[in-house]
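So the structure is just underneath, and the comments pick up after that.
The values are calculated or read from the model by the stated rules, or taken from the named source; none is laboratory data. What you are looking at is a predicted structure, and each value in this text was computed from that prediction instead of being measured. Counting neighbours? That spans all protein chains shown, and the Cβs are built from the backbone with ideal geometry, glycine included.
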Amino acid sequence: MSFSIAGVVVLYNPDSEVLNNLRSYCNSISKLYIVDNSECPSEELIVNLKLINAEYIPFNQNQGIAKALNIGASRAIEDGFDWLLTMDQDSEATKGMVQELINSTGNFDRNSIGIVSPQHILDSKPVHKSFDVEEVTVVMTSGNLLNLKAYQKVGPFRDDFFIDYVDHEYCLRLKYYGYKILVNHKAILNHQLGQNKAYNALGKTVTTTHHNCTRRYYITRNRLQVLKEYKELFPEYYKTELRNNIKELIKVFFFENNKFGKLKSIIRGYKDYRKGKFGKL
């Protein structure tokens, strides 16, 4: 069975390293849509992007990751593609990653698959498991092969979330509709997440992301909304995310800079969640 794949990458004020990241996977797909959320796109970058087989789509303002992903998905559907590789600007595909993602669908009914995701390597080495492919509840957006038929059935990414928890909400929605979320541990993606920093606390290593105040607002608001909507459908996910929320609050308070500014943002996110106020901050 043929596998027609396009890709979308979302940019926001990227540095020069982004070109190397794009080159790591652009030849593994048939077409790449580059959606740029930067308020002032780099002219030098635009010139260099012409060397890559890609369609450049500037927003000239930050409209969020969800809207950018929806633009990429819509263009891919219009151009007749069946699958969409979704990438962050700070992600690098290892050699053969895309092909390995394709291979992992061979033991499943492809119509039952919503997303196939790689193993995300942040600051550590790949984790070797006794099995190659497993079914999970949620995955991060970057490096995923999204089934565009599933996308058309369950609907677009939630652009009122703007950025955080767009991926979790979408995975849960796909699972609600009966689609599988798969991770192939042989497909490796090098990915950067925030400004991770490790600390030693009581003999244990504690890692924090140091997300800024704005991100803390979105994380709080959107996480609480996802928990509210999917609590009954996915109780284990609900319990895990509640624990993660408490852990992150503790990490922010004890280990991160500008803790009071971030705590104010967290409170504001909570208040807007209660008001049902979403969209861009």
So for region 207-226 (the condition being more than 28 Å from ASN62 (Cα to Cα), in a strand (DSSP E or B) and at pLDDT below 90), does at least one residue qualify? yes
Flagged pairs (Cβ under 7 angstrom, 6 or more apart or on separate chains; first in region 207-224, closer than 16 Å to PHE278 by Cβ and in contact (Cβ under 8 Å) with a residue 12 or more places away in the chain; second of a type in the set (Asp, Glu) and part of a helix (DSSP H, G or I)) are ARG221/ASP272; ARG223/GLU241
Selected residue (only one of GLY279, GLY261, GLY269 is touching an Asp or Glu at 6+ places or on another chain (Cβ under 9 Å) and closer than 16 Å to ARG215 by Cβ): GLY279
Test each condition in (1) β-branched (Val, Ile, Thr); (2) in contact (Cβ under 8 Å) with a residue 40 or more places away in the chain; (3) in a strand (DSSP E or B) for ILE34 and report the one that comes out false. (2)
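For the subset of region 242-266 comprising residues that are farther than 15 Å from TYR217 by Cβ and either touching a Phe, Trp or Tyr at 6+ places or on another chain (Cβ under 8 Å) or aromatic (Phe, Trp, Tyr) (or both), which member is surrounded by the most Cβ atoms within 10 Å (Cβ to Cβ)?
Only one residue fits best here, namely PHE255.
Going by what's in this entry, would GLU236 be described as in contact (Cβ under 8 Å) with a residue 60 or more places away in the chain, exposed (fewer than 14 other Cβ atoms within 10 Å of the Cβ), acidic (Asp, Glu) and part of a helix (DSSP H, G or I)?
Working: in contact (Cβ under 8 Å) with a residue 60 or more places away in the chain: yes; exposed (fewer than 14 other Cβ atoms within 10 Å of the Cβ): yes; acidic (Asp, Glu): yes; part of a helix (DSSP H, G or I): yes.
Yes, satisfied.
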The one condition ALA68 fails out of (1) assigned to a strand (DSSP E or B); (2) modelled with pLDDT of 95 or more; (3) not hydroxyl-bearing (Ser, Thr, Tyr) is (1)
In region 43-70, the residues that are buried (at least 19 other Cβ atoms within 10 Å of the Cβ) and under 20 Å from ASP159 (Cα atoms): PHE59, GLY64, ILE65, ALA66, LYS67, ALA68, LEU69, ASN70
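Consider region 42-94. How many of its residues are of a type in the set (Lys, Arg) and either within 15 Å of SER30 (Cβ to Cβ) or free of Cβ contacts under 8 Å to residues at least 60 places away in the same chain (or both)?
As a first pass, look at region 42-94 and keep what is of a type in the set (Lys, Arg): 50, 67, 75.
Next, only the ones that are either within 15 Å of SER30 (Cβ to Cβ) or free of Cβ contacts under 8 Å to residues at least 60 places away in the same chain (or both) stay: 50, 75.
Number of matching residues: 2.
Let me confirm something: among GLU248, GLU241, GLU229, which residue is acidic (Asp, Glu) and either touching a strand residue (DSSP E or B) at 6+ places or on another chain (Cβ under 9 Å) or on the phi > 0 side of the Ramachandran plot (or both)? Walk me through how you get there before you give the answer.
Working: GLU241 fails: either touching a strand residue (DSSP E or B) at 6+ places or on another chain (Cβ under 9 Å) or on the phi > 0 side of the Ramachandran plot (or both); GLU229 fails: either touching a strand residue (DSSP E or B) at 6+ places or on another chain (Cβ under 9 Å) or on the phi > 0 side of the Ramachandran plot (or both).
Within the list GLU248, GLU241, GLU229, the selection yields GLU248.
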Matching option when the condition is assigned by TED's automatic domain parsing to the domain that holds LEU146, surrounded by 22 or more Cβ atoms within 10 Å (Cβ to Cβ) and either touching a Gly at 6+ places or on another chain (Cβ under 6 Å) or among the small types (Gly, Ala, Ser) (or both), among GLY114, GLY80, GLY106: GLY114
Would you mind telling me which numbered condition in (1) more than 29 Å from ASN20 (Cα to Cα); (2) outside any loop (DSSP other than H, G, I, E, B); (3) modelled with pLDDT of 95 or more; (4) not polar (S, T, N, Q) CYS171 fails? (1)
With in a strand (DSSP E or B) and β-branched (Val, Ile, Thr) as the only criterion, which of VAL116, VAL138 stands out? VAL116
